[in-house]
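Structure, as structure tokens:
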């Protein structure tokens, strides 16, 4: 299974500051060096995606 570097898991270090969206759709502003938190809604580990992420084709993900 491929590893997607644009997806970040709870507990990983934030490498790029900005707004991130978790798997449930909650948004959170994170600073570089912070740790990706649990989901704000459920309190469970989650996957975060940068809100302004774009594909290499230039198409926006969100």
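Taking the criterion of being over 11 Å from the mean Cα position of the chain (by Cα) and either within 15 Å of residue 7 (Cα to Cα) or at pLDDT below 95 (or both), the residues of segment 42-59 that qualify are 45, 54, 55, 56, 57, 58, 59.
The strands (runs of 3 or more DSSP E) located wholly in segment 1-52 that include 1 or more residues which are at positive phi occupy 18-22.
The values are calculated or read from the model by the stated rules, or taken from the named source; none is laboratory data. Everything quoted here is computed from the prediction, not taken from an experiment.
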